[in-house]
Amino acid sequence: MKNSKETLLNSKFVSDVRNIITTSKHAAVRSINFERVQMYWKLGERIFVEEQQGAERAEYGSYLIRNLAASIEPEFGSGFSYRQLERARQFYKTYPIASALRTQFNWMQYRLLFQIDDSEKREYYEQEAFHSGWTGRELERQINSGLYERLLLCNDKQSVLEVARRERIPENSAEIIKDPMVLEFLGLKRNASYYEKDLESALITNLQDFLLELGNGFSFVARQKRILLEDDEFFLDLVFYNRLLHCFVIIEIKTRKLTHEDIGQLQMYVNYYDRNEKLPDENPTIGILLCADKNDAVVKYTLPENNTTIMTSKYQLYLPSEKQLLMELKRELNKR
């Protein structure tokens, strides 16, 4: 019978072998994905070079790609259709330097990126996808939710790009917290009547998606955190910690239009955490009122002028349209 030491040694050996196989498989998948990216880049380059020989470039380019697709699609399949070859051409024109391509990105991610016309907006999503390790589906969701535009509602473009490039860390909650927050992943109906506990439960069930919406640096701490003030019990809906801001973040949920009493209640929770939970080297606690609707004037006059710790954010249960976000952004820029 084998002794325990030998069994332990064999277990470690098997674990090491498994890790080698798993790591190699993941590396192989990444390698295959990037080979596909390089293939489309090379196709785009070759099409672009050939296209430059045409006298009427726009007209010749369309003719060239259609005829090329007709020649190769029957042999190689739908991955080389007219639409895919046009994408390859657009890919090359957007990213003309092969050495600048990121090996971590697959074709889906690059396809989403090169379709963004605004170069600064495209850079923002590229930087965040790279640093945050977003999958293609996560990148698509962030683009569709208008993350970049929502951040610009409360921040200037330069600061948003600097944070994305990791040239500096966020200095205040406005650089991370979005208003509005988009919670389409909950699958709740837009006009449904439900209680705060229902929304809270849905957020916990979809915690990974909610953390993606919250942004960088958030980790979950507690749900319905109980605090006792003399003989009175209070329960904080959700508590997070943000490692970039080095502070606790308390989220209170209101499935109605918020009131000044709601703000006062959240301020009490923030004060409690600052005096009883916060360590000396941590920053002041941030409170977020996540509400169905709000009156900005009520918020403004309830909070002190130098307020930096209480935030209000409307939530919406559907993805915003680009037109909506651009109108909001234009309105906000006119205020500044």
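Within the range 250-280, list the residues whose amide N lies under 13 Å from a label point set 7 Å along Cα→Cβ of Leu188.
Answer for the range 250-280: 252-257.
Can you give the helix-only mean residue ellipticity at 222 nm for the chain, where every DSSP H stretch with n ≥ 4 adds -39500 (n - 2.57) and the sum goes over all residues, rounded to the nearest 500 deg cm²/dmol?
Per the formula, -17500 deg cm²/dmol.
What does the extension gain come out to for Ala174 and Leu279, with contour length at 0.36 nm per residue minus their alpha carbon separation?
Extending this stretch completely gives an extra 35.6 nm.
Compactness ratio of the range 168-309: Cα Rg over 2.2 N^0.38 Å, N = residue count?
Ratio of Cα Rg to 2.2 N^0.38 Å: 1.03.
Between Tyr82 and Arg18, what is the label-to-label distance in nm when each label sits 7 Å out along the Cα-to-Cβ direction?
Going from the Tyr82 label point to the Arg18 one covers 5.2 nm.
I want to check the label-to-label distance for Ser71 and Glu123. Put each point 7 Å from Cα in the C-beta direction and report it in nm to one decimal.
About 3.8 nm, to one decimal.
Say a paramagnetic label sat at a point 7 Å from the Cα of His26, along Cα to Cβ; which residues of the range 137-169 have their backbone N under 19 Å from it?
From the range 137-169, the list is 137-139.
Quick one: if the Förster radius is 25 Å, what FRET efficiency do Arg256 and Arg331 give, using the C-beta to C-beta distance and rounding to 0.05?
The formula returns an efficiency of 0.55 here.
Over its Cα atoms, what ratio of radius of gyration to 2.2 N^0.38 Å does the range 71-209 give?
Expressed relative to 2.2 N^0.38 Å, the Cα Rg reads 1.29.
Using a 7 Å offset from the Cα along the Cα-to-Cβ direction at both Leu101 and Ala222, what is the distance between the two label points in nm, to one decimal?
Spacing of the two 7 Å Cα→Cβ label points: 5.0 nm.
Using per-residue counts of other Cβ atoms within 10 Å, averaged over each peptide, order 128-134, 25-31, 41-47, 76-82 from highest down.
Per-residue Cβ counts within 10 Å, averaged per peptide and sorted highest first, yield 41-47, 128-134, 76-82, 25-31.
Which of Thr259, Thr302, Thr22 has the fewest other C-beta atoms within 10 Å, and how do the rest follow up to the most?
Going from sparsest to densest Cβ surroundings: Thr22, Thr259, Thr302.
I'd like the antiparallel share, as a percent to the nearest 5, of DSSP beta bridges with both residues in the range 181-319.
If we restrict to bridges inside the range 181-319, about 50 percent are antiparallel.
May I ask you to derive the FRET efficiency for Glu230 and Asp293 from their Cβ-Cβ distance with R0 = 25 Å, giving the value to the nearest 0.05?
My answer for the efficiency is 0.15.
Can you put Thr285, Thr205 in order of Cβ neighbours within 10 angstrom, beginning with the fewest?
Thr205, Thr285
Among the lysines, which fall within straight-line cross-link reach of Lys294, defined as a Cα-Cα distance under 21 Å, with same-chain neighbours fewer than 8 residues apart omitted?
Partners within reach: Lys178, Lys189, Lys197, Lys254, Lys257, Lys314, Lys330, Lys335.
With Kirkwood's inverse mean 1/r over C-alpha pairs for Rh, give me the Rg to Rh ratio of the chain, two decimals please.
Expressed as Rg/Rh, it is 1.07.
Values quoted throughout were computed directly from the atomic coordinates according to the rules given, and no laboratory measurement underlies them. Predicted model only: the values in this text are computed from it and were never measured. Here Cβ is always computed from backbone atoms with ideal geometry, including for glycine, and neighbour counts include all displayed protein chains.
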